[in-house]
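In what follows, a single structure is set out as structure tokens and then discussed.
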Ligand code: MG
Ligand code: MG
Ligand code: MG
């Protein structure tokens, strides 16, 4: 039987890794030859989750030419494994905006604006009456907790809360306790060099002909990093040039306040204010109530630059 690789995005996060593991297992129980995979190293938060609940990191796939894939937790080519254009995508299970992927064949797509991909997969297990082990329940709960900042992010829906409660019951875990441990581990990203901080969770987006990169760091006490603002801005500028981007942003989210410091380097300095209605001061703005990249930073850029979909 043909091997199918279930894979999340580059610079994988907890949701991306646990979705791949849990969905590959789900597919195997339905007779598929599915293998959980990843493209990129696991971060400390993910490593903690895997070790604590007894899982190996998924298979590392550096390129996917000629392989059959199921994409989880992303659908944009710029965020996917290398060689995607020459791979066969069979399915997409995701919770992000549609990002312009084109396929040769009709495929199964499930995109739902939940707080995490783990939520969608947990729902399928529970509704399908498929045996959900304590360990799979535990890692799916971690996926939800990680993506929704312990159910507090503006992306968090009633469905996420409901799934989290059921998974907590099944795995015997305490959501707040687990959440605290994971927030501490997320914050470790702030201990790294400016370059590693920016690239630790950096996603690229294409809006028509404009390419934008946005790094996101969620942490306790982000002021530590704000104090290094000039070195962060210098490095952000390097990364923007290196990747040939028109604009590069870095979002430092205070996970307790759910506000963010946003750093910006752009070809046109007026873009930021036109998109967000906030002025940059010395390349940075403090944005109250902003903690989601996909819901609060990306949509205004898509509106400003257009989607690049032509009807002709
Ligand atoms: Mg993700
Ligand atoms: Mg996710
Ligand atoms: Mg995230």
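The values are calculated or read from the model by the stated rules, or taken from the named source; none is laboratory data. If you're wondering where the values come from, they're calculated on a predicted model, not measured in any experiment. Note that we place each Cβ from the backbone using ideal geometry, even for glycine, and neighbour counts take in every protein chain shown.
Assorted remarks:
Residue-by-condition table, conditions (1) under 26 Å from residue 126 (Cβ atoms); (2) in contact (Cβ under 8 Å) with a residue 60 or more places away in the chain; (3) within 16 Å of ligand 1 (Cβ to nearest atom):
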| residue | (1), (2), (3) |
| --- | --- |
| 165 | yes, no, no |
| 176 | yes, no, no |
| 181 | yes, yes, no |
| 191 | no, no, no |
| 201 | no, yes, yes |
| 211 | no, yes, no |
| 217 | no, no, yes |
| 223 | no, no, no |
| 226 | no, no, no |
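- Looking across the range 39-48, the residues that are in a helix (DSSP H, G or I) and within 15 Å of ligand 1 (Cβ to nearest atom) come down to 45, 46.
- Candidates 69, 60: the one that is free of Cβ contacts under 8 Å to residues at least 24 places away in the same chain and within 19 Å of residue 21 (Cα to Cα) is 60.
- Residues that are in contact with a helix residue (DSSP H, G or I) (Cβ under 8 Å, 6 or more places away or on another chain), more than 16 Å from ligand 3 (Cβ to nearest atom) and not assigned by TED's automatic domain parsing to the domain that holds residue 176 occur at least once in the range 248-259.
- Residue within the range 168-180 that is surrounded by 14 or more Cβ atoms within 10 Å (Cβ to Cβ), within 19 Å of the chain's Cα centre (by Cα) and part of a helix (DSSP H, G or I) present: yes
Yes/no per residue for (1) more than 16 Å from ligand 3 (Cβ to nearest atom); (2) modelled with pLDDT of 95 or more; (3) in a helix (DSSP H, G or I); (4) surrounded by 15 or more Cβ atoms within 10 Å (Cβ to Cβ):
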{"position": "4", "(1), (2), (3), (4)": "yes, yes, no, yes"}
{"position": "20", "(1), (2), (3), (4)": "no, yes, yes, yes"}
{"position": "26", "(1), (2), (3), (4)": "yes, yes, yes, yes"}
{"position": "34", "(1), (2), (3), (4)": "yes, yes, no, yes"}
{"position": "37", "(1), (2), (3), (4)": "yes, yes, no, yes"}
{"position": "50", "(1), (2), (3), (4)": "yes, yes, yes, yes"}
{"position": "57", "(1), (2), (3), (4)": "yes, yes, no, yes"}
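- Count of residues meeting criterion [at pLDDT 95 or above and either within 16 Å of ligand 1 (Cβ to nearest atom) or crowded, with 18+ Cβ neighbours inside 10 Å (or both)] in the range 92-110: 6
- Restricting the range 247-283 to residues that are under 21 Å from the mean Cα position of the chain (by Cα) and part of a loop (DSSP other than H, G, I, E, B), the residue that is nearest to residue 198 (Cα to Cα): 255
- Breaking point among (1) in contact (Cβ under 8 Å) with a residue 12 or more places away in the chain; (2) away from ligand 3 (no atom under 15 Å from the Cβ); (3) in contact with a helix residue (DSSP H, G or I) (Cβ under 8 Å, 6 or more places away or on another chain), for residue 85: (1)
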